[in-house]
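**Q** Mind looking over this structure? Questions follow.
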Amino acid sequence: MKKIIFSVILIFCLAQICLADNFLSNPPKSKIGLSFSVSVWDYLGVGNVEGGLGLKYKFSDAWIGRAIIGVSGSISKVSTQKEWGSTGALSFSLGIERHFSKKTFFLPYFGAEVGYYTYQWNYVIIYMDSENELYGTDKQYGYPFTFFLGIECYPWKRISLAVEYKGSIRYRRIVDELYNENWVLQSKAKTNSIIMGIDGSDIILTIYF
């Protein structure tokens with residue numbers, strides 16, 4: 001899915017190049033932009049698509065600040081014993097982008113951001129040999145420090161399309177709780193860890209005002 005979306009954006013941008021001699025050479029001079037992002041593969045490891053809404057502010061042509069709020073959720077059947085489960089995630093980040101203002105079709109940039117996320121997985125366990133049920137929650141809290149590399153293009157005067165690849169180091173806390181059918185707590189476990197790795201890719205559309 002990630003490769004398909006990226007290929008569509010690439011083909012669209014190449015088509016615009018053929019139609020406009022000055023394509024991408026003059027990014028908008030506006031200071032404020034509203035951005036919409038899709039994370040095809042994120043650090044939560046949920047396996048679904050996460051959407052984000054953010055603001056960008058141009059300090060100069062080279063430096064852009066940004067703030068992004070991300071939300072995701074899903075409901076699914078997990079296995080024969082865990083009959084159903086639901087997930088929900090919320091994230092927030094503040095970052096800075098360093099752009100290279102060259103007269104090229106694709107403008108490279110890099111940057112870093114700090115953030116916070118919370119994630120919860122709710123599930124029901126049904127035992128195959130009885131009618132008893134257990135209800136569980138898996139809660140995660142994390143503080144990622146993220147680095148990213150991106151390429152950006154301007155198919156229209158005030159619209160930017162970008163693709164980013166991210167990696168991060170983050171502190172993560174996991175709390176597992178298990179309840180019986182009367183919602184009485186049966187067990188609780190806590191885990192703390194520091195994780196470093198590749199988070200995945202984002203596709204970002206920004207409209208400048």
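Every number in this text was worked out from the coordinates using simple rules, so none of it is lab data. If you're wondering where the values come from, they're calculated on a predicted model, not measured in any experiment. Glycine gets a Cβ as well: all are built from the backbone with ideal geometry, and neighbour counts include every protein chain shown.
**Q** What full-extension length gain, to one decimal in nm, is calculated for Phe36 and Ile69 as 0.36 nm per residue of separation minus the Cα-Cα distance? Display every interim value, and only then the final one.
**A** Numbers: separation 33, 0.36 × 33 = 11.88 nm, distance 0.97 nm.
Extending this stretch completely gives an extra 10.9 nm.
**Q** Based on the mean of other Cβ atoms within 10 Å per residue, sort peptides 134-141, 177-184, 57-64, 158-165 so the most packed one is first. Mind dumping the intermediate values first?
**A** Working: 134-141: 16.1, 177-184: 11.2, 57-64: 13.8, 158-165: 18.5.
Ranking the peptides 134-141, 177-184, 57-64, 158-165 by packing returns 158-165, 134-141, 57-64, 177-184.
**Q** Using 0.36 nm times the number of residues separating Met196 and Arg158, minus their current alpha carbon distance, what extension gain do you get?
**A** Values: separation 38, 0.36 × 38 = 13.68 nm, distance 3.58 nm.
Net length gain for the segment: 10.1 nm.
**Q** To continue, here is another question. Can you tell me how much longer the chain between Tyr171 and Phe145 gets when fully stretched, taken as 0.36 nm per residue apart minus their C-alpha distance, in nm with one decimal? All intermediate terms of the calculation are to be shown ahead of the outcome.
**A** Details: separation 26, 0.36 × 26 = 9.36 nm, distance 0.89 nm.
Separation in residues times 0.36 nm, less the Cα-Cα distance, equals 8.5 nm.
**Q** Between Glu133 and Lys29, what is the label-point separation in nm under the 7 Å Cα-to-beta-carbon projection?
**A** Taking the simple label geometry, Lys29 and Glu133 are separated by 6.3 nm.
**Q** May I pose another question? Hey, what do the phi angles of the stretch 148-156 turn into as Karplus ³J(HN,Hα) couplings, whole Hz, using 6.51/-1.76/1.60 and θ = phi - 60°, x for Gly and Pro?
**A** For the stretch 148-156, the Karplus curve yields 9, 10, x, 10, 9, 9, 10, x, 10 Hz.
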